[in-house]
Amino acid sequence: MCADNIQSVNRALTGVNRPNEVGQFQKWARVYSRGDNVNAKVFGDAVILWWLTIQPTARKQWPPTYDPLPAKFSFEYFNRGGPNGVFLMLLCLGWWANALNGDTDLTDYTLVVNDVSWVLEQITSQAG
């Protein structure tokens with residue numbers, strides 16, 4: 001487990017800097033439409049901030065970098081909340097994608113999607 005991981009992996013991902021829509025989704029019987037009317041820029045900025053908040057210290061930078069990780073580095077922090085930890089981030093990406101339109105700059109969205117994908121690849125390679 002990462003040294004800066006102050007919560008047990010059995011606890012939920014931190015709510016610090018989490019987009020408000022995620023809390024509403026959890027509070028109101030997991031109604032997926034809670035994020036249907038988000039502003040792409042505002043919500044995207046909130047997703048980035050939360051994504052950085054849940055990263056271990058070695059990965060708290062934007063835009064993300066893919067420098068070699070320390071030998072004993074672990075992504076166990078992302079398993080907080082079980083499958084809901086991963087699901088909530090994917091749900092945010094879906095809500096954000098739905099808010100994008102032809103005039104939206106896709107740079108940040110693409111960076112987050114690629115970074116989430118990279119982290120999931122690291123998790124699966126560590127598990128195997």
Segment 16-71, subset out of contact with any helix residue (DSSP H, G or I) (no Cβ under 9 Å at 6 or more places or on another chain) and closer than 17 Å to residue 116 by Cα, residue surrounded by the fewest Cβ atoms within 10 Å (Cβ to Cβ): 68
Some residue of segment 91-101 being touching a residue at least 24 places away in the same chain (Cβ under 8 Å), more than 24 Å from residue 25 (Cβ to Cβ) and touching an Asp or Glu at 6+ places or on another chain (Cβ under 8 Å): no
Residue list for segment 48-75, restricted to those being over 14 Å from the mean Cα position of the chain (by Cα) and either modelled with pLDDT under 85 or on the phi > 0 side of the Ramachandran plot (or both): 57, 58, 67, 68, 69, 70, 71, 72, 73, 74
Residue list for segment 76-128, filter: closer than 22 Å to residue 57 by Cβ, among the aromatic types (Phe, Trp, Tyr) and at pLDDT 75 or above: 118
Every pair of residues 6+ apart whose Cβ atoms lie under 9 Å, when the first sits in segment 33-58 and is free of Cβ contacts under 8 Å to residues at least 60 places away in the same chain while the second is surrounded by fewer than 14 Cβ atoms within 10 Å (Cβ to Cβ) and among the β-branched types (Val, Ile, Thr): 50/16; 53/16; 54/16
Filtered residues of segment 118-128 (kept if free of Cβ contacts under 8 Å to residues at least 40 places away in the same chain and either crowded, with 18+ Cβ neighbours inside 10 Å or assigned to a helix (DSSP H, G or I) (or both)): 120, 121, 124, 125, 127
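The values are calculated or read from the model by the stated rules, or taken from the named source; none is laboratory data. Note that the structure is predicted; figures quoted are calculated from it, not measured. Please note: Cβ atoms are built from the backbone with ideal geometry, for glycine as well, and neighbour counts cover all protein chains shown.
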